[in-house]
Each structure stands twice: as structure tokens, then as C-alpha cells.
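The values are calculated or read from the model by the stated rules, or taken from the named source; none is laboratory data. Values in this document were obtained by computation on a predicted structure and should not be read as measured data. Here the Cβ positions follow ideal geometry from the backbone for every residue, glycine too, while neighbour counts run over all protein chains shown.
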Amino acid sequence: MHRYTRLSILLVVVALLAGCGTASAQNATSHPLPRALLFIGDSLTGGYYATDQTHDYVAHVTADLGLPALYLSKHYGIRADEVQAEIQHGLAIPPARITVVELGTNDFSGYSLVGAHTPEGLAAFTTAYRALLGEIRHVAPSTRLVCIGIWHVPGDTNDLHETAGSYDQHIASACQAAHGTYVSLEAIAANGAYRGPVGQHTWLGLNDGWHPNDAGHTAIAAAIVHVLGH
């Protein structure tokens, strides 16, 4: 075969393969995500301590946006590294049009349902949190990502002498790197009207005076809906 003929055939094959690759990439990015809100969080996402489930922040956000809720995590005391570990062991992230991540509070405080109450440490938390956002982007590259700050006043410090504000800063930075939008809970958490009263009866037991109450959940929802442009 003439060398020019061989060269022409090679160029045609390369062009066809490139076209197929481009089409596949377009299909992967243009495929519409399910009309849903995915929530990945701890006890705040689980509705502690709204009087009932219709008053928690998830219920308000889904009602305002007209989208159903999906959950990857809403467990009391869960940390970012624990969610990431579950994903590494096969927990699937459901793709959704909007993804809300509300983690970091227990990493900062050290609260845990099992083992010693020891803070995660800012460096380890940041590594796990960034890895989690990367997993979300891998599953749903076009999801609208919202990252919620921790439920603590920024001046608070943990047993490692780390400030709550430093965790918020790292969450905001990781979120920006993942092309998401950060929502601070600083002003809401600092407002005493958004907590308690201690002992109030709720669907999850007696209010502990620390988690958000109905008004606090409403304020959290309003902050999320605001950044989503609704």
C-alpha cells in the first residue's frame, strides 16, 4: 500500500476515535441529573431539635424548591472521615441536581457516638472533607454544590486549641475549590433565639438547648435557599 494511502487511513481512524470520545464526554456531562436534593450531614440534617420533621431545615428547603430529598447521611455524631470511609467501602452517592453538605461540627467538637470524644484535627478533617467533595463531583459533575459551615460560634475552641472559625474557613476554601457555594451558620448559631428552650418536647425527645430549634432550622433553610437564588 502506498505510504500516503496508509497515512490517509490512519488520519480517518484517529478522527473517528476522537469524535467518539467527544460524543461520550458530551453524553457524560449533558445527561440531566435527577430532580432531587441530596443531603449529606449530621444531626442538624437529621432534624435535631425541631419540634417535628415538618419544621426541620431539610423540609423547608425541599418545600421552597419543590424538589424531593435524598439522604446519604443524617446521623447524630457523624464526622466527615466516617462518611468518606463508608463511601470507600461501597456506599453509593445518589446523583442529584443539588447537593447540600453539612459536616464538620462533630469533627471540630470531638463528639462521637463510639470511642473517645476527641476532635478530628483540622488537617485530617480538611483531607477527608476535600476527598468527599471530590467523590460528589465524580458522581455528579454538574450538581449544584452547597457547603454548610459548622454549628458553632467561631470564637469557640476545641481540645486541640483549634477555633470553630478555622474549620469554617477550610470548609469555605474546599467548597470554592470544588466549585460550590459556602453558607455560614455563624450568625444563626450565635443567636440564642435559634436554640432551645431546654426541655421542650420534640419528635426526637427533649430539646438539649444546643441544637437549632424551629426558628433556627427555618433560618438555616432561608440561608440555603438564598444562595440558590430562590
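Out of the residues in the range 107-143 meeting the condition of being farther than 12 Å from residue 175 by Cβ and of a type in the set (D, E, K, R), tell me which one is modelled with the lowest pLDDT.
By that ranking, first place goes to 120.
Could you say whether any residue in the range 132-141 is in a loop (DSSP other than H, G, I, E, B) and either within 17 Å of residue 189 (Cα to Cα) or not aromatic (Phe, Trp, Tyr) (or both)?
Of all residues in the range 132-141, those in a loop (DSSP other than H, G, I, E, B) come to 140-141.
Subsequent filtering for residues that are either within 17 Å of residue 189 (Cα to Cα) or not aromatic (Phe, Trp, Tyr) (or both) retains 140-141.
There is at least one residue in the range 132-141 that is in a loop (DSSP other than H, G, I, E, B) and either within 17 Å of residue 189 (Cα to Cα) or not aromatic (Phe, Trp, Tyr) (or both).
Which residues, counting only those in the range 195-230, are outside any loop (DSSP other than H, G, I, E, B) and either polar (S, T, N, Q) or closer than 17 Å to residue 46 by Cβ (or both)?
195, 202, 205, 206, 212, 214, 216, 217, 218, 220, 221, 224
I want to confirm something. Restricting to the range 32-89 and keeping residues that are part of a loop (DSSP other than H, G, I, E, B) and of a type in the set (S, T, N, Q), which single residue is farthest from residue 200 (Cα to Cα)? Break it down into steps so the answer makes sense when it comes.
First, pick out the residues of the range 32-89 that are part of a loop (DSSP other than H, G, I, E, B): 32-36, 42-52, 56, 66-68, 75-79, 89.
Checking the rest, the ones that are also of a type in the set (S, T, N, Q) come to 43, 45, 51.
Details: 43: 17, 45: 19, 51: 8 Å.
Applying the filter and picking the extreme gives 45.
Of the conditions (1) within 17 Å of residue 97 (Cβ to Cβ); (2) crowded, with 20+ Cβ neighbours inside 10 Å; (3) among the β-branched types (Val, Ile, Thr), residue 171 satisfies every one except a single condition; which number is it?
Answer for residue 171: the failing condition is (1).
Inspect all residues belonging to the range 85-98 and state whether any of them is crowded, with 24+ Cβ neighbours inside 10 Å, within 20 Å of residue 177 (Cβ to Cβ) and in contact with a helix residue (DSSP H, G or I) (Cβ under 8 Å, 6 or more places away or on another chain).
The answer is no, given that none of the residues of the range 85-98 is crowded, with 24+ Cβ neighbours inside 10 Å, within 20 Å of residue 177 (Cβ to Cβ) and in contact with a helix residue (DSSP H, G or I) (Cβ under 8 Å, 6 or more places away or on another chain).
Within the range 131-157, count every residue that is free of Cβ contacts under 8 Å to residues at least 40 places away in the same chain and out of contact with any helix residue (DSSP H, G or I) (no Cβ under 9 Å at 6 or more places or on another chain).
Residues in the range 131-157 being free of Cβ contacts under 8 Å to residues at least 40 places away in the same chain and out of contact with any helix residue (DSSP H, G or I) (no Cβ under 9 Å at 6 or more places or on another chain): 1 in total.
Is at least one residue of the range 59-68 modelled with pLDDT of 95 or more and within 20 Å of residue 170 (Cα to Cα)?
Within the range 59-68 (the criterion being modelled with pLDDT of 95 or more and within 20 Å of residue 170 (Cα to Cα)), the answer is no, since none of the residues qualifies.
Could you please find all residues in the range 59-102 being more than 14 Å from the chain's Cα centre (by Cα) and polar (S, T, N, Q)?
Correct list: 62, 88.
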